[in-house]
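Here's the structure, in structure tokens; my notes come after.
The values are calculated or read from the model by the stated rules, or taken from the named source; none is laboratory data. Predicted model only: the values in this text are computed from it and were never measured. Note that we place each Cβ from the backbone using ideal geometry, even for glycine, and neighbour counts take in every protein chain shown. Note: accessible area is taken over every heavy atom of the protein model, side chains too, but ligands, DNA and RNA are not part of it. Shrake-Rupley method; radii C 1.70, N 1.55, O 1.52, S 1.80 Å.
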Amino acid sequence: MILLDKKQSIASPTLVPGQEAFGRGERTELTIGLINNMPDGALKATERQFARLLSGAAGQARIHLHCFSLPSVSRSPQARAHIDKEYSSIAELGRLKIDGLIVTGAEPNGCTLSQEALWRELTDIIDWARTNTRSTIWSCLAAHAAVLHLDGIERQRLPAKCSGIQTCAKVTDDWLTRGLRGPLKVPHSRFNEVRESDLLTHGYQVLTRSNAAGVDIFTKQFDSRFIFFQGHPEYDALSLQREYMRDLARYLAGDRDDYPAIPTNYFDAATEAQLTSFERRAKADRNPTLAAELPGPTLRGDIAAGVAAHVILRNWLAFLGQSPG
């Protein structure tokens, strides 16, 4: 059972006193922090996604999950009330003796990362996590911010948004990807990328990549093992659909100038044809009322949502559960 509280306990129903977590001599309890900077529309979904994945990956371990959000991220009154009720204060991060940390991205607003409202707070977290966690996962914009702050690696703007299910393959063997069977189906949703050549020059190790989307997962060892996701392996099956429909509504309302591209390898052929027809109509007669006439989408049957993330999170928890040294 998962309770949404300021100290969430995620336990396998088979856990009994004296059982060990991942192997003989390993710890049965871990404390994980989730710094959730996703926009309001994805805030609760992100909580659910990571809680579900940690629950499924925990085995016999008990996971204490603490959610945080950076105060500089703009929130609606409703989202702020949820955070005030359910989240721990970021000031409590050091006191809680976090074993592992997960830091999500945020919806980009500035042209450069250093112009984002959360930049100063996020770089403080990067510096803290480097010496105060055994391992930290950085997702999407947070990954781009981390490599910029740590090694001066600038993200590069893509010609068009990378959105869809990307086919990724393992580049090298690593404990994090042990048990992953390729090809991997990983959701990506981003306007920018960090290039593999820049990462390799600065000592990063690329674990998975896509021929179409570039680097997927990469790592670097500091005092903490830093793990970086350019994609969103945690996304559930409907996450990209929600983002696409949100962006369509923004276009129809005049809140964005460009028409959003259909996520690749995601909707079935009939849905893609309907959405392409709708795009022609929407561009000819841009009107917010058209949103009510959007076709009911059907996803492809082979998107394999969450499969790679389950293996990655299981391996990550096993690493955190090992006795130091």
*J(HN,Hα) series, segment 125-140, from Karplus relation 6.51 cos²θ - 1.76 cosθ + 1.60, nearest Hz, glycine and proline x*: 5, 4, 5, 5, 5, 4, 10, 10, 10, 6, 7, 9, 9, 10, 10, 6
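Might you tell me the accessible area per residue for segment 173-301, computed with a 1.4 Å probe and given in Å²? Write down the numbers at each step before the final one.
Working: 6000 Å² over 129 residues.
Accessible area per residue: 46 Å².
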*asked:* I'd like the Karplus ³J(HN,Hα) series for segment 74-79: coefficients 6.51, -1.76, 1.60, θ = phi - 60°, whole numbers in Hz, and an x wherever there's a Gly or Pro.
replied: 5, 10, 6, x, 5, 5
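Roughly speaking, what is the stretch gain from Asp223 to Leu200, that is 0.36 nm per residue apart minus the C-alpha to C-alpha distance, in nm to one decimal?
On the way: separation 23, 0.36 × 23 = 8.28 nm, distance 1.91 nm.
Full extension from Asp223 to Leu200 adds 6.4 nm.
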*Karplus-derived HN-Hα couplings along segment 57-64 (A = 6.51, B = -1.76, C = 1.60, θ = phi - 60°), whole Hz, x at Gly and Pro*: 8, 6, x, 8, 7, 9, 10, 9
*Give me the percent of DSSP beta bridges within the chain that run antiparallel, rounded to the nearest 5.*
55
*Percent of accessible area on the chain owned by carbon and sulfur, 1.4 Å probe?*
49
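Among DSSP beta bridges whose residues both lie in segment 136-295, state the antiparallel percentage, nearest 5. List each step's numbers first, then the result.
Numbers: 22 of 27 bridges.
That works out to approximately 80 percent antiparallel.
Would you compute, from DSSP H runs of 4+ residues alone, the mean residue ellipticity of the chain at 222 nm, taking -39500 (n - 2.57) per run and dividing by the full residue count, rounded to the nearest 500? Walk me through the numbers on the way to the answer.
Values: 8 runs with 104 residues, N = 325.
After summing the helix terms and dividing by residue count, I get -10000 deg cm²/dmol.
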_Residue-level accessible surface for Arg280, protein heavy atoms, 1.4 Å, Å²_ = 150
_Among Gly105, Thr123, Ala79, which residue has its Cα furthest toward the positive end of the charge dipole of segment 69-124, with +1 on Lys/Arg Cβ and -1 on Asp/Glu Cβ?_
Ala79
*Heavy-atom accessible area per residue, segment 42-155, 1.4 Å probe: how many Å²?*
40
*Tell me which residues come under 5 Å, amide H to amide H, from Leu34 once H is placed; ignore anything under 5 positions away on its chain.*
His66, Cys67, Phe68, Ile102
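Could you order Lys220, Lys283 by accessible surface area, starting with the largest, using a probe radius of 1.4 Å? Could the numbers behind the result be given before it?
Values: Lys220 35, Lys283 115 Å².
The most accessible residue leads, giving Lys283, Lys220.
Hey, what did the chain get for relative contact order, percent, Cα under 8 Å, at least 6 apart? Provide the component values of the computation, followed by the final result.
Numbers: 593 pairs, mean separation 58.6, N = 325.
RCO, the chain: 18 percent.
Starting from the Cα-Cα distance between Gln156 and Ala249, subtract it from 0.36 nm times their residue separation and give me the gain in nm to one decimal.
Numbers: separation 93, 0.36 × 93 = 33.48 nm, distance 2.69 nm.
Taking 0.36 nm per residue and subtracting the Cα distance, the gain is 30.8 nm.
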_Sequence of Glu234, Glu86 when ordered by accessible area, the most exposed leading, probe 1.4 angstrom_ = Glu86, Glu234
*Note down the nm distance, to one decimal, between modelled labels 7 Å out along Cα→Cβ at Ala269 and at Ala169.*
2.6
*In Å, what is the Rg of the alpha-carbon atoms in segment 30-99, and how long is Dmax?*
12.5, 38
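Given the convex hull over the Cα atoms of segment 53-207, what projected area results after averaging over all orientations, in nm²?
On the way: hull surface 43.8 nm².
Across all orientations, segment 53-207 yields a mean hull projection of 11.0 nm².
Restricting to Cα atoms and excluding each atom paired with itself, what does the Kirkwood estimate give for segment 193-325 in Å? Please list the in-between numbers first.
Numbers: mean 1/r = 0.0562 Å⁻¹.
The answer is 17.8 Å.
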*Order Val215, Val171, most accessible first, counting only protein heavy atoms with a 1.4 angstrom probe.*
Val171, Val215
*Of Gly41, Ala61, Gln230, whose Cα points farthest to the positive end of the dipole of the chain (charges on the beta-carbon: +1 Lys, Arg; -1 Asp, Glu; origin at the Cα centre)?*
Ala61
